[in-house]
Structure formats: structure tokens, C-alpha cells
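S.K.: One structure, pasted below without further comment.
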Amino acid sequence: MAYGILCSMLQSFKRNTSLDLGYLDNLVALHFKYDQARRRFVEWAQNEIAVVPDFHKRILFSDEAHFWFNGYVNKQNCRIWSEANPQVYVETPLHPEKLTVWCALWAGGILLQKR
């Protein structure tokens, strides 16, 4: 779904209801103090591409996600609609059972591991 369509849907929803969208606090900010490090990385990658023709085939992108069996939701992916700022607290066990999935993408395909 295009970003513009999503924004117009949210605006229409807010106009037609008394609800507002609330986000839980879990942000990763891009700070200006890291601009120089990002530029150094880009310069390094450009140099590698110039020297090693198949450099792009040697890049591995990876991530992992946790899925809790008790229904816990990672708060960075959770959205709560309410009339006021929701002060939501959910009690959870200290060590709930979960499934961790790790995935990596590279030129050779997809690597997947479940733990």
C-alpha cells in the first residue's frame, strides 16, 4: 500500500471517529552526530564496489524476531486506538516461552533459522 493512501485512510478514520492513534514509546532516532559515520560507511562501500566487481554479492542482510506464545506483542509493532492517552500495563511472566526466527538475505538466496 502506498504511503499516501495509508495517510489518507488514517486521516479519514480520524475525521469519522472520536478516536486518535497512540503509539507506544520505542523509537530509534537518527542523530546528526552519526552523519559522519554514515558517510564513511558509504564511501567505504563505494570504494569496495569499485575494487571488487561482485561486492554486492558478498553483502548479507539479517534480522531476527521473537514470537511469544503467551500473546505478548513487541511494543514497537503495537498500535492502540483510544479517546485519551492510554496508560496500558500488561503483566507478563518473567521468562515466557517464545520462538525466535532469524533470517538473512544475500545474493545466494535466503537463510532461515528457527530457535
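S.K.: Out of the residues in region 73-106 that are over 30 Å from Ser62 (Cα atoms) and part of a strand (DSSP E or B), state the one that is modelled with the highest pLDDT.
M.R.: Top of the filtered list is Ser82.
S.K.: Between a residue in region 53-70 that is surrounded by 10 or more Cβ atoms within 10 Å (Cβ to Cβ) and any residue that is among the basic types (Lys, Arg) and in a strand (DSSP E or B), which pairs come within a Cβ distance under 7 Å, given they are 6 or more apart or on different chains?
M.R.: These pairs meet every condition: His66/Lys98; Phe67/Lys98; Trp68/Lys98.
S.K.: Does Ile49 meet the test of being at pLDDT 85 or above and either surrounded by 11 or more Cβ atoms within 10 Å (Cβ to Cβ) or part of a strand (DSSP E or B) (or both)?
M.R.: Spelling it out, Ile49 is indeed at pLDDT 85 or above and either surrounded by 11 or more Cβ atoms within 10 Å (Cβ to Cβ) or part of a strand (DSSP E or B) (or both).
S.K.: Based on what the data block shows, is Asp54 acidic (Asp, Glu) and modelled with pLDDT under 65?
M.R.: Values: acidic (Asp, Glu): yes; modelled with pLDDT under 65: no.
It is false that Asp54 is acidic (Asp, Glu) and modelled with pLDDT under 65.
The values are calculated or read from the model by the stated rules, or taken from the named source; none is laboratory data. In this text the structure is predicted, and so the values were computed from the model without any measurement. Neighbour counts are summed over all protein chains in view; Cβ atoms, including those assigned to glycine, are modelled from backbone coordinates with ideal geometry.
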